[in-house]
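**Student:** Okay, handing you the structure first.
The values are calculated or read from the model by the stated rules, or taken from the named source; none is laboratory data. Keep in mind the model is a prediction, meaning the values are calculated, not measured. Neighbour counts run over all protein chains shown; Cβ positions are idealised from the backbone, glycine included. The area values use the complete protein model at the heavy-atom level, side chains included, leaving out ligands, DNA and RNA. Shrake-Rupley method; radii C 1.70, N 1.55, O 1.52, S 1.80 Å.
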Amino acid sequence: MAADVGSSPPKLVLCIIDAMAPAMLERAVAEGVAPVLQTLIERGRYVPDCVAAFPSVTPVCAASIVTGVAQDAHRVPGMNWFHREEERYVEYGSSFRSAQRFGITRQLTDTVYNMNRAHLSADTPTVFETLDDADIRTAGTTYLMYRGRYRHEPQRDTALTRVASTLMRHAVMGPRELFYADVFASRRTGCRSGLGMPGVRDRHSGCVSSYMVEHDLFDFLLLSLPDNDWYSHKHGPEAQLQSIAQADLQLARVCEAAGGVEEFLREHAVIAMADHSQAPVTDTIALQDELAELGVLGPSRASGGEEPRIAVCPSQRAAMVYALHESERDAMRASVVTRALGIEGIEHVMWLARDAHEAPREGIISSPEHGELRFRPGGPLEDLRGVGWSVEGPLAVIDGTAADDRLRTPTYPDVLARVWSALTCPSSGEVLLSAAPGYEFIDWGRQAHVGGGSHGSLHASDSLGALVTCGVELPAEEPGQWAIRDIAPLVLGHFGLTRESSSEAGEAI
């Protein structure tokens, strides 16, 4: 449906329900506990298989959602990664114990500040920046990616925020209206988040979004509802029925600020989506221990023993390994690959072959069971998104089939494009790993989600999320496989913009 608001497009709400699994959304709708989402599905378009980035973890996926590109362009490679130029680990908050190992202040600085202003490439504008340049009123609730054109100072209006401001003292550039936990708030709303504690974050997003609807403060709003991910990590994917129902209550709260769902949809279009899904976890992989003989760099360099030679970076159901010394990069990569293929629970090992000029030549995906598959962009075999590939080796590595030059890999959706983007990302490691179903890599705090759920791998179980659009004009030719990197162009197109025209506008400004 399209709103009748004259020549202007309807306001647009991009609602990201973290880790919303398609099967659980469908169950929540069938049991009547998600009436707003049900209405959006009935009046719009429902896509049950929108594919995430790889690794399918929130920082990588969030960057792809707001920029419309993969990490070979946006440069955010994982939940935990090694910064080669600064010679240190970057940790975005895998767990509290992991953050403690690296230092709480360091982890908060990387997550709140550096992720947006330093790690996310300046060459890939966010939807906030593009819309801000076009003088479209932007707004955002607490979300990892918030970079925009407006300056926001930390809040110091309560005892809690004054304590927080001792760690987070600097301004950020965000959308016109920004509400990030209790740290940044573009205006007083009376809404509190307990500094973004799990279980409170959805209510805070619903509160400030209701305020913005009531006071007509945006044309585009990114409404982040992250508690579904936290709840699923803790209780398992099957428990999402409860947390999706709670997310739907916040959507209803936002709609009520306009007079109810009917009134809200007269003036607003909606995209409701997951950034990834989750899969059950029953076993763990201690990659730091498995590769210890190669000399693993710990969170602190102030430790005895031999000089470290590799950095190990777990990202839940994915991981990366970096060679610390350029002179032995290829040898260390070969050693890591050999060992990784013998570790129980690792399903895929990936690395990049380069030519004599260090340009990427081909990607390699190896599995202990099926051997090596080599691939590169450009070739006769076309994936579901219409991208051509040259492929050599057993398709069983990616559980693929090829017929009439068409490649299908339902168990590992969009696998070649996702792996190629991850391998060619300048900030990625030399070796990438994807866990088998049921397994998760323990983080640097030695934490995992056994008995609950997790994500990060290439597997469809944690890579496919739900996507619902209502009131948004879709492309004349829809992608054969929707991906989260399709969302930014969809948002810009809703306002009559393209990434190219926005870049020109930004340069003109």
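**Student:** Label-point separation (nm) for residue 23 and residue 104, each offset 7 Å from Cα along Cα-to-Cβ?
**Tutor:** It works out to 3.9 nm between the two label points.
**Student:** Residue 296: accessible area at probe 1.4 Å, nearest 10 Å²?
**Tutor:** 40 Å²
**Student:** Calculate, in nm to one decimal, what residue 86 and residue 292 gain on full extension: separation in residues at 0.36 nm each, minus their alpha carbon distance.
**Tutor:** Details: separation 206, 0.36 × 206 = 74.16 nm, distance 2.27 nm.
Extra length from residue 86 to residue 292 when fully extended: 71.9 nm.
**Student:** Still on this model: Using a 1.4 Å probe on the protein heavy atoms, what percent of the accessible area of the chain belongs to carbon and sulfur?
**Tutor:** On the way: 9620 of 19830 Å².
The value for the chain is 49 percent carbon and sulfur by accessible area.
**Student:** Quick one: 3J(HN,Hα) in Hz for the stretch 94-111, Karplus 6.51/-1.76/1.60 with θ = phi - 60°, rounded, Gly and Pro as x.
**Tutor:** Taking θ as phi minus 60°, the curve returns 4, 7, 5, 5, 5, 4, 4, 4, 8, x, 4, 4, 4, 5, 5, 4, 5, 6 Hz for the stretch 94-111.
**Student:** Still on this structure, I have one more. Modelled label-to-label distance, residue 263 and residue 334, 7 Å Cα→beta-carbon offset: nm?
**Tutor:** Result: 7.1 nm between the two label points.
**Student:** Along the positive direction of the dipole of the stretch 304-400 (beta-carbon charges: Lys, Arg +1; Asp, Glu -1; about the Cα centre), which of 343, 395, 321 reaches farthest?
**Tutor:** Positive-most Cα among the choices belongs to 321.
**Student:** Among 78, 12, 254, which residue has its Cα furthest toward the positive end of the charge dipole of the chain, with +1 on Lys/Arg Cβ and -1 on Asp/Glu Cβ?
**Tutor:** Value: 254.
**Student:** So if R0 is 60 Å, what FRET efficiency would residue 30 and residue 356 give, r being the distance between their Cβ atoms, rounded to the nearest 0.05? Provide the component values of the computation, followed by the final result.
**Tutor:** Details: r = 58 Å, r/R0 = 0.96.
About 0.55, to the nearest 0.05.
**Student:** How large is the accessible surface per residue of the stretch 50-137, computed with a 1.4 Å probe and reported in Å² as a whole number? Each step should come with its number before you reach the end.
**Tutor:** On the way: 2720 Å² over 88 residues.
Per residue, the stretch 50-137 has an accessible area of 31 Å².
**Student:** Order of 131-138, 47-54 by packing, highest average Cβ count within 10 Å first?
**Tutor:** Listed from highest to lowest mean packing, they are 47-54, 131-138.
**Student:** Still on this model: Could you order 230, 389 by accessible surface area, starting with the largest, using a probe radius of 1.4 Å?
**Tutor:** 230, 389
**Student:** Further question: Could you order the peptides 485-496, 419-430, 371-382 from most to least packed, using the average number of other C-beta atoms within 10 Å per residue?
**Tutor:** Ranked by mean Cβ neighbours within 10 Å, highest first: 419-430, 485-496, 371-382.
**Student:** For the chain, just give the cysteines left without a disulfide-compatible partner, judged by no other Cys Cβ under 4.7 Å.
**Tutor:** Singleton cysteines: 15, 50, 61, 255, 313, 425, 470.
**Student:** Solvent-accessible area per residue for the stretch 204-317 at a 1.4 Å probe radius, Å²? Could the numbers behind the result be given before it?
**Tutor:** Numbers: 4180 Å² over 114 residues.
Computed with neighbouring chains in place, this is 37 Å² per residue.
**Student:** Further question: What is the antiparallel percent of DSSP beta bridges lying wholly in the chain, to the nearest 5?
**Tutor:** On the way: 56 of 82 bridges.
Of all bridge pairs located within the chain, approximately 70 percent are antiparallel.
**Student:** So if I place +1 on the C-beta of Lys and Arg and -1 on the C-beta of Asp and Glu, and nothing else carries charge, what would the dipole magnitude of the chain be about its Cα centre? I want it in debye, nearest 20. The partial results should precede the final answer.
**Tutor:** Values: 44 positive and 68 negative charges, 305 e Å.
Using only the charged Cβ atoms, the result is roughly 1460 debye.
**Student:** Can you compute the charge dipole magnitude of the stretch 1-150 about its Cα centre, using +1 on each Lys and Arg Cβ and -1 on each Asp and Glu Cβ, nothing else charged? Give it in debye, rounded to the nearest 20.
**Tutor:** Working: 14 positive and 17 negative charges, 69 e Å.
With Lys and Arg at +1 and Asp and Glu at -1, about 340 debye.
**Student:** Mind ordering 461-474, 249-262 by average Cβ neighbours within 10 Å, highest first?
**Tutor:** On the way: 461-474: 23.6, 249-262: 18.4.
So the order, starting with the most tightly packed, is 461-474, 249-262.
**Student:** Continuing with the same structure: For the stretch 372-424, what class follows from the C-alpha gyration tensor (a ≥ b ≥ c being the square roots of its eigenvalues): rounded when a/c is under 1.5, otherwise prolate if a/b is larger than b/c, else oblate? Don't skip to the answer; put the middle values down first.
**Tutor:** Values: a/c = 1.25, a/b = 1.13, b/c = 1.11.
Judged from the Cα gyration tensor, the stretch 372-424 comes out rounded (a/c under 1.5).
**Student:** Order 330, 227, 404 by their accessible area, 1.4 angstrom probe, all chains in place, largest first. Working shown, then result.
**Tutor:** Working: 330 80, 227 15, 404 150 Å².
In descending accessible area the options line up as 404, 330, 227.
**Student:** Need one number: % antiparallel among DSSP beta bridges in the stretch 291-432, to the nearest 5.
**Tutor:** On the way: 30 of 33 bridges.
Percentage antiparallel, nearest 5: 90.
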